[in-house]
Amino acid sequence: MNTLFMSKSIAGFSKLSKSKKIDWIVDTYFANAESAKGILKQYWNSDEKLQQLHDEFIENTITNYYLPLGVAPNFLINDKLYTIPMAIEESSVVAAASKAAKFWLDRGGFKTNVISTTKTGQVHFVFRGDFEKLGQFFDIVKPKLIQETKSITANMEKRGGGILNIELRDKTEDINGYYQLHASFETLDAMGANFINSCLEQFAKTFKNEALNFSLFSDEEKQIDIIMSILSNYVPDCLVRAEVSCHVDELSENSSFSGRVLAEKFVQAVNIAEIEPYRAVTHNKGIMNGIDAVVLATGNDFRAVEAGVHAYAARKGKYSSLTHAKIEDDTFKFWIEIPLALGTVGGLTSLHPLVKLALELLHKPSARELMQIIAVAGLAQNFGAIRSLTTTGIQQGHMKMHLMNILNQFEATNVEKQTLVEYFKNNTVTHSAVVEAIQELRSKN
Ligand code: MEV
């Protein structure tokens, strides 16, 4: 075995203290151990309790990882004004969201509605025997499956949620002996992952135990083999819609393009994303720029949202756009329909101070309300991207926002920044143009 790799493995790392973990890491991997340690410590919070809270979110925490938390004001959603918090590193996203919000503020704002809020979970199991007998067993045991989860579901039921249904599904055409308990849930303001998984694990236990006593089963049939019990992040029945519309003439903000030309190009661009997967993926990535930023700021699980959204985008067998647009009787209409499983209670929402702050900024929304706000953030982001792409091109706005990153790379002073930001208001930003401008400015001083 390669001795280099051997020297880098460690036993019992998770049991070391935070400071011992850091010592091992900086000594093992860094040329300048002290400097690496300094950077890690620089990001610690000076409030020890707050730091401990963050340390305990995960295992082996060594420091905090900052992302900017920005806000996009002026979002009018169903006649209510919102300032939307966004946690994201990409320079142009918040600016684009704010611009789109302001644009639609003057044109009636966004209209949204929740289409459905059902979530799904499955117990995957193997049964080798007579399917008819399994069906009879399922019908008999189903009330017991629900009964034996009562301690888990009582609180959720009090608030109007809980288990909606459990079905037996035969998947033996795909895998020999493979069946599912396919269950649906209403989890109200909770994202519901823990609730659903606890119910499923209880279903599995009850199902397996009861099978042992089902007299119609043979000895082999009594041995139901539970493979796993887990919620699904595919949530096509937890769906929200957001839309904007205006007269085509109102789309134009200046005399360079008529509203109709803009509308037609816009619709064409969306049509392309509907039929061309190479474009659809980038189109949807832009939508997720807006969605993920709010999902993250509000302490929700962006990996779950990402997985569910992209599966939905491919639900017809071909990956396609999440947004749609048309012109109807001189009215431009642009909308998104998207699955979003979110929570505004539980998880990080009651733990992370910035998440609590973000939710208060959003008027402490219910999960249904948050679905609508986040769908709007996605639609607004896509509106900004398509509008730039079909008019000026994306780089103009993008590079303007990226200018600050380049200036920071060159450690520009505040005075240099001011001078160069002013200069690039009328000049095209490229990396080399910025470098040249910095050099010229510095050569004069
Ligand atoms: C960049 O992060 C996102 C865009 O590429 C989205 C799009 O092309 O629609 C600009």
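The values are calculated or read from the model by the stated rules, or taken from the named source; none is laboratory data. Just so we're clear, the structure is a prediction, and the values are computed from it rather than from any experiment. Reconstructed Cβ throughout: ideal geometry from the backbone, glycine too, with neighbour counts over all protein chains shown. Note: accessible area is taken over every heavy atom of the protein model, side chains too, but ligands, DNA and RNA are not part of it. Shrake-Rupley method; radii C 1.70, N 1.55, O 1.52, S 1.80 Å.
Name the residues in region 296-344 that are outside any helix (DSSP H, G or I), among the aliphatic types (A, V, I, L, M) and within 16 Å of the ligand (Cβ to nearest atom), would you?
Across region 296-344, the qualifying residues are Leu322, Ala325, Ile336, Ile338.
Condition first: crowded, with 18+ Cβ neighbours inside 10 Å, assigned to a loop (DSSP other than H, G, I, E, B) and within 29 Å of the chain's Cα centre (by Cα). Now tell me which residues in region 143-169 satisfy that.
Gly161
Would you confirm whether or not region 69-89 contains a residue that is within 16 Å of the ligand (Cβ to nearest atom), touching a His at 6+ places or on another chain (Cβ under 8 Å), in contact (Cβ under 8 Å) with a residue 60 or more places away in the chain and not aromatic (Phe, Trp, Tyr)?
No: region 69-89 contains no residue that is within 16 Å of the ligand (Cβ to nearest atom), touching a His at 6+ places or on another chain (Cβ under 8 Å), in contact (Cβ under 8 Å) with a residue 60 or more places away in the chain and not aromatic (Phe, Trp, Tyr).
Scan region 170-201 for residues that are under 18 Å from Ile230 (Cβ atoms) and surrounded by fewer than 13 Cβ atoms within 10 Å (Cβ to Cβ) and jot them down.
Passing the criteria: Asp174, Ile175.
Quick one: in region 259-274, of everything that is among the β-branched types (Val, Ile, Thr) and within 15 Å of the ligand (Cβ to nearest atom), which residue is nearest to Gly346 (Cα to Cα)?
Out of the qualifying residues, it is Val270.
Looking only at region 340-397, which residues are among the β-branched types (Val, Ile, Thr) and more than 16 Å from Pro85 (Cα to Cα)?
Of everything in region 340-397, those that are among the β-branched types (Val, Ile, Thr) and more than 16 Å from Pro85 (Cα to Cα) turn out to be Val345, Ile386, Thr390, Thr391, Thr392, Ile394.
Of everything in region 218-237 that's open to solvent by 40 Å² or more (accessible area, probe 1.4 Å) and of a type in the set (A, V, I, L, M), which residue is farthest from the chain's Cα centre (by Cα)?
Among residues in region 218-237 that are open to solvent by 40 Å² or more (accessible area, probe 1.4 Å) and of a type in the set (A, V, I, L, M), the one farthest from the chain's Cα centre (by Cα) is Ile226.
Would you confirm whether or not region 369-381 contains a residue that is more than 20 Å from Ala293 (Cα to Cα) and either touching a Phe, Trp or Tyr at 6+ places or on another chain (Cβ under 9 Å) or within 16 Å of the ligand (Cβ to nearest atom) (or both)?
No, region 369-381 contains no residue that is more than 20 Å from Ala293 (Cα to Cα) and either touching a Phe, Trp or Tyr at 6+ places or on another chain (Cβ under 9 Å) or within 16 Å of the ligand (Cβ to nearest atom) (or both).
Conditions tested, residue by residue: (1) surrounded by fewer than 20 Cβ atoms within 10 Å (Cβ to Cβ); (2) touching a Gly at 6+ places or on another chain (Cβ under 9 Å); (3) among the basic types (Lys, Arg).
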| site | (1), (2), (3) |
| --- | --- |
| Glu89 | yes, no, no |
| Ala95 | yes, yes, no |
| Trp104 | no, no, no |
| Thr112 | no, no, no |
| Asp130 | yes, no, no |
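Would you point out which residue out of Leu389, Leu441, Leu420, Leu359 is surrounded by fewer than 19 Cβ atoms within 10 Å (Cβ to Cβ), farther than 30 Å from Ala280 by Cβ and among the aliphatic types (A, V, I, L, M)?
Answer to the check: Leu441.
So Ala293 passes all but one of these: (1) in contact with a helix residue (DSSP H, G or I) (Cβ under 7 Å, 6 or more places away or on another chain); (2) of a type in the set (Gly, Ala, Ser); (3) away from the ligand (no atom under 14 Å from the Cβ); (4) touching a residue at least 12 places away in the same chain (Cβ under 8 Å). Which condition number does it fail?
Every listed condition holds for Ala293 apart from (3).
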